[in-house]
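Asks: Have a look at the structure that comes next, please.
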Amino acid sequence: MDVSIFDFDLPEELIAQTPLKDRAASRLMVLNPNRKTIEHRHFSDIVDYLNPGDCLVLNDTKVLPARLFGEKSDTGAKIEILLLKQLEGNTWECLVKPAKRVKKGAALQFGNGKLQAVCTKELDEGRRELTFKYEGIFHEVLDELGKMPLPPYIKEQLDDQDRYQTVYAKHSGSAAAPTAGLHFTNELLEKLKEKGISIAFITLHVGLGTFRPVKAEQIEEHTMHAEFYQMSKQTAELLNHTKSRGGRIIAVGTTVIRTLETIAAKFNGELKEASGWTDIFIYPGFEYKAIDGMITNFHLPKSTLIMLVSAFSGREFILDAYREAVQERYRFFSFGDAMFITEGIKTT
């Protein structure tokens, strides 16, 4: 399948550079792929589209201030790193710029030596394994020295760092936010609970895959990087209870979708307590087993994320919806507007 068939024209001015003051004030495009309907609402209206007995699944990962600016200890050459995932102890897989300056054995320092690192392994695509040395607690050092790892298409500075976290973020470990969840406020979540909608949580720590474009010409040639996921027994039981009573499982964001579909594939369609690493790549032809609907933002052209959404909704319908979003001046990407998609296309 050719990657180019997932391309679309997007005016640069529609890429949201800053978040709205009110999270729930973003716009919401409501899609039904089977009926081929498109509605234009506001995100707070999501309450009207969820039914008592439905279950909303959220990713409670927390974004690390994972971007660090430092220098080589011997030459003083400037180095920027992005923490991608913790491997073991104080060793992390990192994206390094410029990577050519950091060979195995190179020593780095950040914050005038408050945080130090040694390169222990050279990987491809600018990645390195770095082992860190510091005094105190690593996450506290990161909070002091690190910056939020905003995507490269966001050029503006973020005044409030918490706006790149969901209100329910709990478990630190992500290099990027699960952005579909940024639209929720505590008040909106309470409204949903009052209506009889269950709230469940999984954890998937977002890694390099979020930043990595599809460079292959054919989709089948692209390889996803693995990301760590975890689903508790409590969440599994709630999801199974929802299904048994005829409720819908609504995934908030592609990270939740990938986690639930990974687990469903692992257990022949069942949802059970599980943890591990997933490199699942969802594109048209994939048969969804776990979810009945999704809330997601508008994604990059030719990205794995628009492919995932197309697998649920049909590529032509999604591209038509994207063209309408451009015409209606929706805001795109991380700080942009959202879609609610229900009743995915039936696979035969």
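Asks: What pairs come out if I take residues in the stretch 69-97 that are within 17 Å of residue 131 (Cβ to Cβ) and surrounded by 13 or more Cβ atoms within 10 Å (Cβ to Cβ) and pair them with residues that are at pLDDT below 95 and acidic (Asp, Glu) whose C-beta lies under 9 Å away, six or more apart or interchain?
Replies: That search, which allows pairs on different chains as well, returns 83/93; 84/93; 85/93; 85/227; 86/93; 87/93; 95/125.
Asks: Moving to a separate point now. Would you confirm whether or not the stretch 223-231 contains a residue that is touching a strand residue (DSSP E or B) at 6+ places or on another chain (Cβ under 8 Å), under 23 Å from residue 65 (Cα atoms) and assigned to a helix (DSSP H, G or I)?
Replies: So far as the stretch 223-231 goes, no, none of its residues is touching a strand residue (DSSP E or B) at 6+ places or on another chain (Cβ under 8 Å), under 23 Å from residue 65 (Cα atoms) and assigned to a helix (DSSP H, G or I).
Asks: A further question on this structure: Those residues that are assigned to a loop (DSSP other than H, G, I, E, B) and open to solvent by less than 40 Å² (accessible area, probe 1.4 Å), I need them from the stretch 139-167; list them, please.
Replies: 146, 148, 149, 150, 151, 154, 158, 165, 166
Asks: Sticking with this structure for a sec: Within the stretch 234-241, is even one residue in contact with a Phe, Trp or Tyr (Cβ under 7 Å, 6 or more places away or on another chain) and under 21 Å from residue 8 (Cβ atoms)?
Replies: Within the stretch 234-241, not a single residue is in contact with a Phe, Trp or Tyr (Cβ under 7 Å, 6 or more places away or on another chain) and under 21 Å from residue 8 (Cβ atoms).
Asks: Oh, and also: Restricting attention to the stretch 200-210, does a residue exist that is more than 30 Å from residue 302 (Cβ to Cβ) and in contact (Cβ under 8 Å) with a residue 40 or more places away in the chain?
Replies: Yes: the stretch 200-210 contains one or more residues that are more than 30 Å from residue 302 (Cβ to Cβ) and in contact (Cβ under 8 Å) with a residue 40 or more places away in the chain.
Each row is one residue, and each column tells you yes or no for (1) without any contact (Cβ under 8 Å) to a residue 60 or more places away in the chain; (2) more than 21 Å from residue 225 (Cα to Cα); (3) hydrophobic (A, V, I, L, M, F, W, C); (4) touching a helix residue (DSSP H, G or I) at 6+ places or on another chain (Cβ under 8 Å).
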| residue | (1), (2), (3), (4) |
| --- | --- |
| 242 | no, yes, no, no |
| 248 | no, yes, no, yes |
| 253 | no, no, no, yes |
| 264 | yes, no, yes, no |
| 270 | yes, yes, no, yes |
| 277 | yes, no, yes, no |
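Asks: To continue, here is another question. When you look at residue 125, is it within 17 Å of residue 175 (Cβ to Cβ) and either aromatic (Phe, Trp, Tyr) or free of Cβ contacts under 8 Å to residues at least 24 places away in the same chain (or both), yes or no?
Replies: no
Asks: Which of the residues that make up the stretch 100-137 are over 26 Å from residue 278 (Cβ atoms), among the aliphatic types (A, V, I, L, M) and open to solvent by 10 Å² or more (accessible area, probe 1.4 Å)?
Replies: 106, 107, 118, 137, listed by residue number.
Asks: Another question, then. Looking at the stretch 306-319, can you tell me whether even one residue there is closer than 16 Å to residue 220 by Cβ and either assigned to a loop (DSSP other than H, G, I, E, B) or in contact with a Leu (Cβ under 9 Å, 6 or more places away or on another chain) (or both)?
Replies: The answer is yes, given that some residue of the stretch 306-319 is closer than 16 Å to residue 220 by Cβ and either assigned to a loop (DSSP other than H, G, I, E, B) or in contact with a Leu (Cβ under 9 Å, 6 or more places away or on another chain) (or both).
Asks: Among the residues of the stretch 147-176, how many are farther than 15 Å from residue 17 by Cβ and in contact (Cβ under 8 Å) with a residue 40 or more places away in the chain?
Replies: The qualifying residues number 15.
Asks: Another one. Which residues, counting only those in the stretch 35-59, are in contact with a strand residue (DSSP E or B) (Cβ under 9 Å, 6 or more places away or on another chain) and open to solvent by 10 Å² or more (accessible area, probe 1.4 Å)?
Replies: Matches in the stretch 35-59: 37, 38, 39, 40, 41, 42, 44, 45, 48, 49, 53.
Asks: So for the stretch 327-346 (the condition being closer than 26 Å to residue 222 by Cβ, assigned to a helix (DSSP H, G or I) and β-branched (Val, Ile, Thr)), does at least one residue qualify?
Replies: no
Asks: Restricting to the stretch 18-31, name every residue that is surrounded by 13 or more Cβ atoms within 10 Å (Cβ to Cβ) and over 18 Å from residue 328 (Cα atoms).
Replies: 18, 19, 23, 24
Asks: Something else about it: Select from the stretch 1-17 the residues that are open to solvent by 60 Å² or more (accessible area, probe 1.4 Å) and either touching a Phe, Trp or Tyr at 6+ places or on another chain (Cβ under 8 Å) or under 11 Å from residue 335 (Cα atoms) (or both) and list them in ascending order.
Replies: Once the filter is applied, which keeps residues that are open to solvent by 60 Å² or more (accessible area, probe 1.4 Å) and either touching a Phe, Trp or Tyr at 6+ places or on another chain (Cβ under 8 Å) or under 11 Å from residue 335 (Cα atoms) (or both), the stretch 1-17 yields only 1.
Asks: Residue 234 is checked against (1) without any contact (Cβ under 8 Å) to a residue 40 or more places away in the chain; (2) surrounded by 15 or more Cβ atoms within 10 Å (Cβ to Cβ); (3) of a type outside the set (D, E, K, R) and fails just one. What number does that condition carry?
Replies: (2)
The values are calculated or read from the model by the stated rules, or taken from the named source; none is laboratory data. Keep in mind the model is a prediction, meaning the values are calculated, not measured. Virtual Cβ from ideal backbone geometry, glycine too; neighbours counted across all protein chains shown. Surface accessibility is based on the protein's heavy atoms, side chains included, excluding ligands, DNA and RNA. Shrake-Rupley method; radii C 1.70, N 1.55, O 1.52, S 1.80 Å.
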